[in-house]
Amino acid sequence: EAEVAQSPRYKITEKSQAVAFWCDPISGHATLYWYRQILGQGPELLVQFQDESVVDDSQLPKDRFSAERLKGVDSTLKIQPAELGDSAMYLCASSLGPRGETQYFGPGTRLLVL
Amino acid sequence: SQQGEEDPQALSIQEGENATMNCSYKTSINNLQWYRQNSGRGLVHLILIRSNEREKHSGRLRVTLDTSKKSSSLLITASRAADTASYFCATDAADSWGKLQFGAGTQVVVTP
């Protein structure tokens, strides 16, 4: 069964450093999502792509976070500089299309900022 | 901000018992989805119920949706220790473009 791939699975960094997360969605899925999940809470959408275009980044802290999906396939989420409050699980999900479709999640990247 | 709220926050039951958790939301939706998350792992999709549906079944899972009350319930029958996880409801709001809004989840512990 096809799965969403994410790497790394774990990342420890010091504040003010740059970090990057990678996601490879299920083949053929046009829509890709990045979520952040703080311990004890549900995931919160950071950015949504339709193919290579951003359709929603209203919750993305744009002063330090950036995301790209250059060829409309895999995607990278970057934080620069990282802050203590960025410690969380970063989840990538994909779906066939943007509306009314099941979203399939990857295993996540757990980030710890020291 | 989180649209959905799950109730209860935590649930402890024994194997063989049924587990019921509820989700309330605030705005009109296209669909509502339930996910399971084992500790430290990604989310696994369980069921998607559309706004024009009232009930859906999948194996030991039964989901209901009452759009007039803006609420949904997830029932797990004959629970097993492997059902121990956090369960989240997520709403796809009618005015969004597939953006899911999650509640804080219900932590379910099933003891043998």
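The values are calculated or read from the model by the stated rules, or taken from the named source; none is laboratory data. Values in this document were obtained by computation on a predicted structure and should not be read as measured data. Here Cβ is always computed from backbone atoms with ideal geometry, including for glycine, and neighbour counts include all displayed protein chains.
For segment B:71-97, filtered to residues that are in contact with a strand residue (DSSP E or B) (Cβ under 6 Å, 6 or more places away or on another chain) and part of a loop (DSSP other than H, G, I, E, B), the residue that is nearest to B:Ser28 (Cα to Cα) is B:Ala94.
Evaluation of B:Ala78 against the conditions (1) in contact (Cβ under 8 Å) with a residue 12 or more places away in the chain; (2) at the interface with chain A (Cβ under 10 Å from one of its Cβ atoms); (3) on the phi > 0 side of the Ramachandran plot; (4) of a type in the set (Gly, Ala, Ser) shows that the sole unmet condition is (2).
For segment A:56-98, what are the residues that are under 11 Å from A:Ala30 (Cβ atoms) and either without any contact (Cβ under 8 Å) to a residue 60 or more places away in the chain or exposed (fewer than 14 other Cβ atoms within 10 Å of the Cβ) (or both)? Scanning segment A:56-98 gives A:Arg69, A:Gly72, A:Val73, A:Gly97.
What do you reckon, is B:Ala19 within 11 Å of chain A (Cβ to nearest Cβ) and either within 23 Å of A:Gln48 (Cβ to Cβ) or not acidic (Asp, Glu) (or both)? No; evaluated as a whole, the condition is false for this residue. Among the residues of segment B:38-58, the ones that are facing another protein chain (nearest Cβ under 7 Å), under 12 Å from A:Gly106 (Cα atoms), assigned to a strand (DSSP E or B) and without any contact (Cβ under 8 Å) to a residue 40 or more places away in the chain come to 1 in all. Which ones in segment B:65-77 are out of contact with any Cys (no Cβ under 6 Å at 6 or more places or on another chain) and either crowded, with 17+ Cβ neighbours inside 10 Å or modelled with pLDDT under 95 (or both)? Selection gives B:Leu65, B:Lys70, B:Ser71, B:Ser73, B:Leu74, B:Ile76. The lone criterion from (1) within 19 Å of B:Leu46 (Cα to Cα); (2) surrounded by fewer than 20 Cβ atoms within 10 Å (Cβ to Cβ) left unmet by A:Tyr104 is number (2). Among residues of segment A:1-45 being surrounded by 13 or more Cβ atoms within 10 Å (Cβ to Cβ) and free of Cβ contacts under 8 Å to residues at least 40 places away in the same chain, the one that is nearest to the other protein chains (Cβ to nearest Cβ) is A:Gly42.
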